[in-house]
1. Select from region 131-172 the residues that are in a helix (DSSP H, G or I) and among the basic types (K, R) and write down the one among them that is least open to solvent (accessible area, probe 1.4 Å).
2. What tally of residues in region 135-179 results from selecting those that are over 20 Å from K4 (Cα atoms), touching a helix residue (DSSP H, G or I) at 6+ places or on another chain (Cβ under 8 Å) and among the aliphatic types (A, V, I, L, M)?
3. Which one is modelled with the highest pLDDT, of the residues in region 90-103 that are within 21 Å of Y74 (Cα to Cα), open to solvent by less than 40 Å² (accessible area, probe 1.4 Å) and outside any strand (DSSP E or B)?
4. So the check is Cβ under 6 Å with 6+ separation or different chains; which pairs have a first residue in region 110-123 that's at pLDDT 95 or above and a second one that's part of a helix (DSSP H, G or I)?
5. Checking K42 against (1) surrounded by fewer than 16 Cβ atoms within 10 Å (Cβ to Cβ); (2) at pLDDT 80 or above, only one condition comes out false. Which one?
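The values are calculated or read from the model by the stated rules, or taken from the named source; none is laboratory data. All of these numbers come straight from a predicted model, not from anything done at the bench. FYI the Cβ positions are ideal-geometry reconstructions off the backbone, even for glycines, and counts take in every protein chain you see. Please note that ligands, DNA and RNA were not included when accessible areas were found on the heavy atoms of the full protein model with its side chains. Shrake-Rupley method; radii C 1.70, N 1.55, O 1.52, S 1.80 Å.
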Amino acid sequence: MRNKILWSDETKIELFGVNARRHVWRKPGTAHHEANTIPTVKHGGGSIMLWGCFSAAGTGRLVRIEGKMNAAMYRDILDKNLLQSALDLRLGRRFIFQQDNDPKHTAKISKQWLQDHSVNVLEWPSQKHLWRDLKMAVWRRHPSNLRDLEQFAKEEWSKIPAGHCKKLIDGYRKRLFAVILSKGCATKY
């Protein structure tokens with residue numbers, strides 16, 4: 001069954017930075033040497049929002065979200081990308097679509113589109129692992145503007161091996177059992 005699930009989520013990627021703390025290891029007295037400093041830009045230098053999906057067979061479409069996404073925009077993203085991604089990934093007509101419980105995902109207009117297209121939905125918490133991998137790959141390429149940021153994100157997304165997607169999905173079983181055993185409390189995941 002896990003091989004028939006099309007997982008999805010949205011993320012923000014900043015032009016300069018990966019929204020994470022970074023450390024520099026250096027010898028005493030070399031704190032201000034250029035090699036030991038991390039350049040910064042106020043407010044991250046800009047960012048883009050992306051929607052993407054993947055299955056055990058690999059990555060589906062990755063699209064840029066212009067402006068603040070609402071339910072109508074989300075429905076349009078589904079309309080232009082969801083069924084085509086399922087087709088490209090050879091999931092068949094009876095695939096299961098995973099999305100988190102974000103209000104735009106559960107809005108009437110979104111639910112109606114999914115129902116009209118006979119898409120079975122699996123509600124799920126957000127997916128962050130693949131986004132982290134994408135952000136790190138894009139950051140290593142040092143984009144200098146938002147156009148590069150978007151282009152690099154799409155290029156790196158298409159390079160993510162199907163085996164990596166499958167490994168993430170296979171790991172969910174362990175995570176689910178851990179949550180069940182902990183009766184919903186914290187787990188090591």
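1. The residue in question is K135.
2. Within region 135-179, residues that are over 20 Å from K4 (Cα atoms), touching a helix residue (DSSP H, G or I) at 6+ places or on another chain (Cβ under 8 Å) and among the aliphatic types (A, V, I, L, M) number 4.
3. F95
4. Within 6 Å, the pairs are S110/A71; S110/Y74; S110/R75; W113/R75; W113/L78.
5. Evaluating K42 over (1) surrounded by fewer than 16 Cβ atoms within 10 Å (Cβ to Cβ); (2) at pLDDT 80 or above leaves (2) as the failure.
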